[in-house]
Amino acid sequence: MIYRFPHEAAYLPRTRLSYINLPGILSDGKRERAARVSGYVAIQLGERCYLIFLRNGEAFNAARIDPGSRGPVALSEVLRIVGTESERGENGQIGYFGAPEDQLQAMLATVVSPQVLWEEPLDPAKPDHFFPRLREKRFSGVLELSDGTGKHHYLCFQAGGFQCGWFSEREASVAVPDFLRSLFHADAKGMRASLYTALTELPMQAGPGFVDLYRRIVGGVMRDVANSIGREAAIGLMRRGQAVAALQHPVAAAFDLTDEGRVSGDPVASPEVLTESVAAWLTEALISASDHYGIDPGAVVERAARDSRFVLQEHGFFSRLPWALAL
């Protein structure tokens, strides 16, 4: 089954994944003004579909959809998976499609927002009762319709009233009411209807470069501490600090520290949440390093962060640490 979503333009119609340079698509907006468009890249790998969302040519979020589940996924993870599949020559497909930001917001709501569950679910097989129930319940949010063949449609409601919608493969000459009537008539038996809480804004995910920056900062701190107390002790100290920080900042747990001292992991979080999580992690670890080994936390951070200090300063990383730094 090929997943299909509404779009206003097909900048890259679906083609074999092995023919396309995905990083090139995602960086094109930085080089060409004409490429600074909003939309999504859809990558089909078997029964899985990965979506990368772009605003003005910049990737800002990603998601995964398959027959049994869906959810946000790290942009870096998608890039890694696509790179691996391309090298293996798998028969995946990729397409790049233009869509308005309101549609992207509705699509993301079906991935990151909680599903609205009613005691008696909506039944697409009863179109005469379908929309009256939405009005009766004064539903506000996003209705996703999927027809069982891969086509997805998104309708936004406010207090039970239809506000706007985006529909896969609807001809511009066909009015929305007529399209919906034909949709229910043709595909009601295989159609699924799901309700989601609407988003108030487009959710921004920290990009691969930003995630890698924090992997390098954590790794630099760990190596610096290891120079004083040894690698095994430093890894243990960092892991304990991570566990404590994750109680308040769960994103910290998305990183992985190997026994060899490598830092990996693909956290899915906004730049602000990621910054808060790493700052909390390093605070816990370095306070412990100071208390038990007499290590100067500020000096460790200064050495690890000096080369990236301007980016970190811009995102408020240093202001979240309890030490005065000389950077």
Worksheet item: What are the pairs, 6+ residues apart or on separate chains, where a residue within the range 237-248 that is over 11 Å from I287 (Cβ atoms) has its Cβ under 8 Å from a residue that is modelled with pLDDT under 95 and not in a helix (DSSP H, G or I)?
Response: M238/L257; R239/L257; Q242/L257
Fill in: Condition check for R33: free of Cβ contacts under 8 Å to residues at least 24 places away in the same chain and touching an Asp or Glu at 6+ places or on another chain (Cβ under 9 Å)
no
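Quick grid of which residues meet (1) modelled with pLDDT of 95 or more; (2) of a type in the set (S, T, N, Q); (3) surrounded by fewer than 23 Cβ atoms within 10 Å (Cβ to Cβ):
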{"position": "A42", "(1), (2), (3)": "yes, no, yes"}
{"position": "R55", "(1), (2), (3)": "no, no, yes"}
{"position": "S69", "(1), (2), (3)": "no, yes, yes"}
{"position": "L75", "(1), (2), (3)": "no, no, no"}
{"position": "A99", "(1), (2), (3)": "yes, no, yes"}
Worksheet entry | Residues within the range 223-255 that are in contact with a strand residue (DSSP E or B) (Cβ under 7 Å, 6 or more places away or on another chain) and under 22 Å from R309 (Cβ atoms), tallied | 2
Worksheet item: Just wondering, is there one or more residues in the range 269-291 that are farther than 24 Å from L75 by Cα, surrounded by fewer than 15 Cβ atoms within 10 Å (Cβ to Cβ), at pLDDT 95 or above and not small (G, A, S)?
Response: yes
Worksheet item: Among the numbered criteria (1) modelled with pLDDT under 95; (2) in contact with a Pro (Cβ under 6 Å, 6 or more places away or on another chain); (3) assigned by TED's automatic domain parsing to the domain that holds D307, which single criterion is violated by E260?
Response: (2)
Item to complete: Keeping to the range 57-67, report how many residues are surrounded by 18 or more Cβ atoms within 10 Å (Cβ to Cβ), free of Cβ contacts under 8 Å to residues at least 60 places away in the same chain and in contact with a strand residue (DSSP E or B) (Cβ under 6 Å, 6 or more places away or on another chain).
Response: 2
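The values are calculated or read from the model by the stated rules, or taken from the named source; none is laboratory data. All values reported here derive from a predicted model rather than from experimental measurement. Positions of Cβ are backbone-derived with ideal geometry, glycine not excepted, and every protein chain shown enters the neighbour counts.
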